[in-house]
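The values are calculated or read from the model by the stated rules, or taken from the named source; none is laboratory data. Note that the coordinates shown come from a computational prediction; the quantities given were computed from them, not determined experimentally. Cβ placement follows ideal geometry from the backbone for every residue including glycine, while neighbour counts extend to all protein chains displayed.
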Amino acid sequence: MLLLLAPALAVVGLLLVLPLGWLAWQSIYQDGFTPEHYLRILQEDIYWNTFRLTFSISASVTVLAALLGFPVAYAAARLPPRWATVVLALVVIPFWTSVLVRAYAWLVLLQRRGVINQVLMDLGIVDEPLALVHNATGTIIGTVHVLLPFMVLPLYAVMRKIPGDLLNAAASLGARPGYVFARVFLPLSAPGLLAGAMLVFVLCLGFYITPELLGGGRTIMVSMLVQRNVELYHRWGAASAVGLTLLFVVFAIFWIVDRVLPLERVYGAR
Amino acid sequence: MPASGRWGKVAFALLVGAILLFLIAPVVIVVPMSFSDTRFMSFPPERWSLRWYRAYLESAAWMDATRVSLSVAFLTTLVATPVGVAAAYAINASTLRAVRAFQLVLLAPLMVPIIIVAAGIFFVYAKIGLITTIAGLVLAHVMLALPYVLVATLAGLRSFDMTQEMVARSLGMNRMRSFLAVTLPQIRPSVVTGALFAFIASLDETVVALFISGGDNQTLTKRMFTALRDEIDPTIAAISSLLIATSFLLVLLTGSAGRRAR
């Protein structure tokens, strides 16, 4: 029976575990063991600022995704099935569209003479076209767009199972709608919110394509630091240390969240 | 969120509508743009033409990249599907505790940030000379596609009654034949779904391809990425529309495969 597992384990072993081990080795060994590649992250401003920027962008993206995702998931969970299907389809279709295609669309929409600036100027909201792309704003807009489904889907899965009777019971006991929402609905949907937030945050930490294309080369995230160290500067030790630090952070977050809330309960429960 | 009163409901509906517009607009807007007649990307286009589709079809570079991407995706599916199905079968049938740990290892490609995977594979391939080869790309994509085949097939196996296979074996079939004759036909929709996911995962994969594909073996995604970084070439709009159409088609296919599964 284990023989059947062997090919799959060999593939993952040779193409995932071995390369990660290689990174680990390269990050501490360069003509002898050295901690310099890790120390560099703490000492050099470029490295430290990149990590800080990546965390703050990921935090903004997570908050925005929660704010935008909650109403959509709520609507999908409370609407009659036919309308819920429409809402979910509109969430899933972009999910299935290549990230490159969406980066292209945002480049066109957000550029100086793009549709969005045109509309804002026609409405007289702004006089000058806004710089919406090739900066952190572009990165955040594009990334929220890509990651929003990862917030909506776990939220929806949890909200759908909140019994309507519970809300009616609270209302019949005299709670106003706002109170029912804050004291009954919101706490019950918290596991979905936590799961979605974790997914969005972790995926954003390692995100590459969208920030590279919409950030205009000035908003450097951790992933771009890895790429530049490999392809531009050939500083493989530095690239390895940065990559492993990122990996460590990601796994630490998975581990902590899994302690608070067994993720299988959110994803496994259908 | 609690929509109290009619105005509250209207306001909430408008809010949800605006968010859904934000989600869908970038996908929808690409298609009319691809039929534009001008180099300058404006929306809506002033005159319609098939110019950018012709530019795509007549460009040897884009055609080569498309051929590379399609053959890599096809080979990836061909390898990842049997490997993933075999692993799923073993995990489903085994009661060993270690097997659960293996399952976690096989799902790891989904959890490790792709940029780290790409850098690691690049270093290993650089040592053994697999950079810019089709074989190297296919191997990497098989690893990335495995979790999808595994998850889809496991879902199928979990709802399948294994005693049927036992009956076939008690009647004298060996394990392989009983699997092929009894089990596989019944879990086929899940296997097909897994294979389609593997195909899409490979076709869509960009970051690993950026690091390890090149020369004559550039993937479509790598060429698109480079084109997007350097200048906005309207040919991308035509390619994007074709990709959107492809993913729609595949979603419909998986949808119908999933429905037959039930």
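Odds and ends about this structure:
- Screening the candidates A:L199, A:L194, A:L188, A:L213 for the property of being more than 10 Å from chain B (Cβ to nearest Cβ), touching a helix residue (DSSP H, G or I) at 6+ places or on another chain (Cβ under 8 Å), closer than 25 Å to B:F225 by Cβ and in a helix (DSSP H, G or I) yields one hit, A:L199.
- Check on B:L144, within 14 Å of another protein chain (Cβ to nearest Cβ) and in contact (Cβ under 8 Å) with a residue 60 or more places away in the chain: yes
- Qualifying residue in the range B:228-239 (condition: touching a residue at least 60 places away in the same chain (Cβ under 8 Å) and in a loop (DSSP other than H, G, I, E, B)): yes
- The one condition in (1) at pLDDT below 90; (2) of a type in the set (A, V, I, L, M, F, W, C); (3) crowded, with 16+ Cβ neighbours inside 10 Å that A:L123 fails to fulfil: (3)
- Top-ranked residue of the range B:45-63 - restricted to ones that are surrounded by 14 or more Cβ atoms within 10 Å (Cβ to Cβ), over 24 Å from the mean Cα position of the chain (by Cα) and not hydrophobic (A, V, I, L, M, F, W, C), ranked as nearest to B:V31 (Cα to Cα): B:P45
- The residues in the range A:100-128 that are of a type in the set (A, V, I, L, M, F, W, C) and more than 7 Å from every other protein chain (Cβ to nearest Cβ) can be counted, and the count is 8.
- Matching residues in the range A:167-185 - criterion: being more than 10 Å from every other protein chain (Cβ to nearest Cβ), under 20 Å from A:A157 (Cα atoms) and of a type in the set (A, V, I, L, M, F, W, C): A:V184
- B:R158, sole failed condition from (1) without any contact (Cβ under 8 Å) to a residue 12 or more places away in the chain; (2) closer than 22 Å to B:R100 by Cβ; (3) among the charged types (D, E, K, R): (1)
- Annotation note: of B:V27, B:V85, B:V68, B:V72, the sole residue that is under 30 Å from A:L64 (Cα atoms) and crowded, with 20+ Cβ neighbours inside 10 Å is B:V27.
- Verdict on A:S58 being surrounded by 19 or more Cβ atoms within 10 Å (Cβ to Cβ), in contact with a His (Cβ under 6 Å, 6 or more places away or on another chain) and either more than 9 Å from every other protein chain (Cβ to nearest Cβ) or in contact (Cβ under 8 Å) with a residue 40 or more places away in the chain (or both): no
- Residue within the range A:80-101 that is buried (at least 17 other Cβ atoms within 10 Å of the Cβ), within 19 Å of A:M224 (Cα to Cα) and more than 15 Å from the chain's Cα centre (by Cα) present: yes
Condition check ((1) modelled with pLDDT of 90 or more; (2) closer than 30 Å to B:G214 by Cβ; (3) not charged (D, E, K, R)) across all residues:
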residue: B:R6; (1), (2), (3): no, no, no
residue: B:A11; (1), (2), (3): yes, no, yes
residue: B:I19; (1), (2), (3): yes, no, yes
residue: B:V31; (1), (2), (3): no, no, yes
residue: B:S36; (1), (2), (3): no, no, yes
residue: B:L50; (1), (2), (3): no, no, yes
residue: B:W62; (1), (2), (3): yes, yes, yes
residue: B:V68; (1), (2), (3): yes, yes, yes
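- Restricting attention to the range A:74-86, the residues that are at the interface with chain B (Cβ under 10 Å from one of its Cβ atoms) and either over 24 Å from B:L243 (Cβ atoms) or among the small types (G, A, S) (or both) add up to 5.
- The set of residues in the range A:3-36 being among the small types (G, A, S) and either more than 7 Å from every other protein chain (Cβ to nearest Cβ) or in contact (Cβ under 8 Å) with a residue 60 or more places away in the chain (or both) consists of A:A6, A:A10, A:G13, A:G21, A:A24, A:S27, A:G32.
- Scope the range A:53-111; condition touching a helix residue (DSSP H, G or I) at 6+ places or on another chain (Cβ under 6 Å) and closer than 14 Å to A:R160 by Cβ; matching residues: A:V72, A:A73, A:A75, A:A76, A:A77, A:A84, A:V87, A:L88, A:V91
- When residues of the range A:137-185 are limited to those that are of a type in the set (D, E, K, R) and in a helix (DSSP H, G or I), the one surrounded by the most Cβ atoms within 10 Å (Cβ to Cβ): A:R183
- Summed over the range A:220-239, residues that are within 15 Å of B:F211 (Cβ to Cβ) and either within 9 Å of chain B (Cβ to nearest Cβ) or hydrophobic (A, V, I, L, M, F, W, C) (or both) total 11.
- All helices (runs of 4 or more DSSP H) inside the range B:104-221 with 3 or more residues being under 28 Å from B:I244 (Cα atoms): B:114-128, B:134-158, B:184-204, B:207-212
- Restricting attention to the range B:90-108 and to residues that are facing another protein chain (nearest Cβ under 7 Å) and surrounded by fewer than 22 Cβ atoms within 10 Å (Cβ to Cβ), the residue that is modelled with the lowest pLDDT turns out to be B:S94.
- Residues being modelled with pLDDT of 90 or more, hydroxyl-bearing (S, T, Y) and more than 15 Å from A:L53 (Cα to Cα) - total across the range A:208-237: 1
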